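Undergrad: To start, I am sharing the structure in question, which I have written as structure tokens.
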Amino acid sequence: MVKPKKVILITLPSPWLISDRDMPNLGILYIAGYLEQNNIEVQVVDLCGVPEEYWQIPDGDLYGISLTTPQFHLAKRVIEIIKQRQPKSTVVLGGYHPTAEPQWTLDNTMADYIVTGDGELTMLSFAKGNRPKEKIVKAEFLPDINVLPWPARHLIDIYAYQKIGTNAVVGPNASKEEYVLTSRGCPFKCGFCAQMAISKFRVRYRDENDIIAEMKFLIERYGINRFYIFDDIFIIDKRQVFRVCDKFEELQKTHPFDWHCLARTDIYDPEIYPRMYKAGCRQVTFGIEHGSDTILKRIEKGTTRAENIRSIKAARDAGMRVRAQMIVGLPGETEETVEENATFMKEAPAHSYGVHIFVPLPGSPVWNDPKRFNFRFKKDTTFKHYQTIGKPGEWASNQIHYNPEEIAKWANYLREVAGERNVHNFDARWREKSQTAKVLYNNK
């Protein structure tokens, strides 16, 4: 076995976003931190926000690239560049898309290996010179994520990611934000979601003392005063929520900060939201998805319209802002269900709405079994338009659907319904990045 002289980990651009430096790729940074902990020389090449003509990919023997579905065409291009220069180098792909579609990804790129699942232990094995016979490697599951060091934020220009963009909607009392994970995984089986491809419905929690130590370091080192607790769902386990909130409150006595998180409306406990607010939480984001019980049942969300209203009110009554994420074009969508969605948005007391076009992501039940959901879409694709979020007025994900004009019309209608509560209205960069916004604001 020949040990590589250096491991190069690459984060890909997300050019469809208002800024693809809104959030760092914590997956890559966790792997980098784990390699460093094991005395492996590693470099992170951050291509976010960088046009191809300015890409600088250094010499290396082992490359690791993490990608989501809409980044597939970018990953393919990066691999082509690497292989043109260094045909004998080893390229390993991981992340959501390769995990969901490992054989397809292997067949349609020049990658040497596909890693599915947690990447830390497998990348360490590669870095030590091991090369398995199988080209698709099922990564060893990490039952205890507390063995991992913190993400190696020092290997990228982390300052570029600490500006507050869309999350300005949380409130005006912060200037620098960081993303922190307190858990990995989600136990739910929503028909539209691909998370299950990686987590397999398992949730693993970090020790609250380690979480607080990381946050204290980020505050003292970088001046962070807002945290996005970036768990899939923060409120799954009430005992964990209360343990973490106790630590948050203790830290805030000497290090002021606020925070926000993602939640589910069917996990309801009248004690949770007041406790979170007392610990500094100033916003919860609910994946409402739709205002129609018919659609919610069709996509196997496991929630109801009534539960959605109840939890929005409960969080708001506790003093927090509420952001509701809505989806248009889900299986079964009609003019009537779109109107039900609009009615819900008018009636629900959410402070802000994000309206997104449905994308059947690889790994989701809809992608895996579209007949069961009675949903037709264009599956033979380069995935370039598989974007669930993006620059206002420049969305292209409706092109995945067989009725793209109708989907776009419905999406625009619901954004009009959101009105001043459209989440993009809270992001000052909208005027700078979106051509549509320039027209709306008359270039002011």
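Undergrad: Could you give the radius of gyration (one decimal) and Dmax (whole number) of the Cα atoms in segment 7-143, in Å?
TA: My reading of the Cα-based Rg and Dmax gives 13.8, 42 Å.
Undergrad: Longer than 30 Å from Cα to Cα, which of K216/K238; K247/K391; K176/K301 are they? Say none if no pair is.
TA: Values: K216/K238 23 Å; K247/K391 37 Å; K176/K301 34 Å.
Table pairs above 30 Å Cα-Cα are K247/K391; K176/K301.
Undergrad: Can you say what percent of the DSSP beta bridges in segment 162-440, counting only those with both residues inside, are antiparallel? Round to 5. Don't jump to the answer; show the numbers that get you there.
TA: Working: 3 of 28 bridges.
Bridges in segment 162-440 are about 10 percent antiparallel.
Undergrad: Straight-line reach from K371: which aspartates and glutamates have a Cα under 20 Å away, not including same-chain ones fewer than 8 places off?
TA: E101, E300, E333, D380
Undergrad: Next question, about the same structure. Please identify the cysteines of the chain that lack any partner cysteine with a Cβ under 4.7 Å from their own Cβ.
TA: So, C48, C186, C245, C261, C281.
Undergrad: Of the GluC sites (Glu not before Pro) in segment 217-252, which ones lie in a loop per DSSP and count no more than 16 other C-beta atoms within 10 Å? Mind showing how you got there, number by number?
TA: Details: sites: E220, E249, E250; in loops: none.
The qualifying sites: there are none.
Undergrad: Nearest 20 debye, what's the magnitude of the dipole of segment 242-355 about its Cα centre given +1 on Lys and Arg Cβ and -1 on Asp and Glu Cβ?
TA: Details: 17 positive and 18 negative charges, 108 e Å.
The dipole of segment 242-355 has a size of about 520 debye.
Undergrad: What shape does segment 162-440 have by the C-alpha gyration tensor, where a ≥ b ≥ c are the square roots of the eigenvalues, rounded means a/c under 1.5, and otherwise prolate means a/b greater than b/c and oblate the rest?
TA: Values: a/c = 1.70, a/b = 1.46, b/c = 1.16.
Judged from the Cα gyration tensor, segment 162-440 comes out prolate (a/c at least 1.5, a/b above b/c).
Undergrad: Specify whether the C-alpha gyration tensor of segment 25-88 places it in the rounded, prolate or oblate class, a ≥ b ≥ c being the square roots of the eigenvalues: rounded for a/c under 1.5, otherwise prolate if a/b is larger than b/c and oblate if not. Don't skip to the end; give the middle numbers.
TA: Details: a/c = 1.88, a/b = 1.31, b/c = 1.43.
Since a/c reaches 1.5 but b/c is at least a/b, the shape of segment 25-88 is classed as oblate.
Undergrad: Here is a follow-up. For segment 87-150, what's the relative contact order in percent, using C-alpha pairs closer than 8 Å and at least 6 residues apart?
TA: Numbers: 73 pairs, mean separation 19.8, N = 64.
Computed value for segment 87-150: 31 percent relative contact order.
Undergrad: Could you size up the charge dipole of the chain around its Cα centre, putting +1 on the beta carbon of Lys and Arg and -1 on that of Asp and Glu, and report it in debye to the nearest 20?
TA: Numbers: 60 positive and 56 negative charges, 52 e Å.
It works out to roughly 240 debye.
Undergrad: Here is a further query. Report relative contact order for segment 18-106 in percent, whole number only (criteria: Cα-Cα under 8 Å, sequence separation at least 6). It would help to have the intermediate numbers written out before the result.
TA: Working: 62 pairs, mean separation 23.8, N = 89.
Relative CO of segment 18-106 lands at 27 percent.
Undergrad: Now for a separate question. Contact order normalised by length for the chain, with contacts defined as Cα pairs under 8 Å and 6 or more residues apart; what percent is it? List each step's numbers first, then the result.
TA: Details: 839 pairs, mean separation 63.2, N = 444.
The normalised contact order for the chain reaches 14 percent.
Undergrad: Count of lysine pairs in segment 7-143 with Cα atoms under 20 Å apart, counting only pairs 8 or more residues apart in sequence or on different chains?
TA: Numbers: K76/K88; K76/K135; K83/K135; K88/K128; K88/K133; K88/K135; K128/K138.
The result is 7.
Undergrad: Please list, or write none, the aspartates and glutamates whose alpha carbon is within less than 16 Å of the alpha carbon of K253, excluding same-chain residues fewer than 8 places away.
TA: E220
Undergrad: Quick check: net charge around C190, other residues with Cβ under 9 Å of its Cβ, Lys/Arg +1 and Asp/Glu -1? Write down the numbers at each step before the final one.
TA: On the way: positive: K189, K301; negative: E289, E300.
So the surrounding residues net to 0.
Undergrad: Now for a different question. In nm, to one decimal, how far is the modelled label at M110 from the one at E134, with both set 7 Å along Cα→Cβ?
TA: About 2.7 nm, to one decimal.
Undergrad: Please name whichever of L142, G390, F72 sits farthest to the positive end of the charge dipole of the chain, dipole taken about the Cα centre and charges placed at Cβ: Lys and Arg +1, Asp and Glu -1.
TA: So the residue we want is F72.
Values quoted throughout were computed directly from the atomic coordinates according to the rules given, and no laboratory measurement underlies them. Values in this document were obtained by computation on a predicted structure and should not be read as measured data. Quick reminder, even Gly has a Cβ in these numbers, built from the backbone with ideal geometry, and neighbours come from all protein chains shown.
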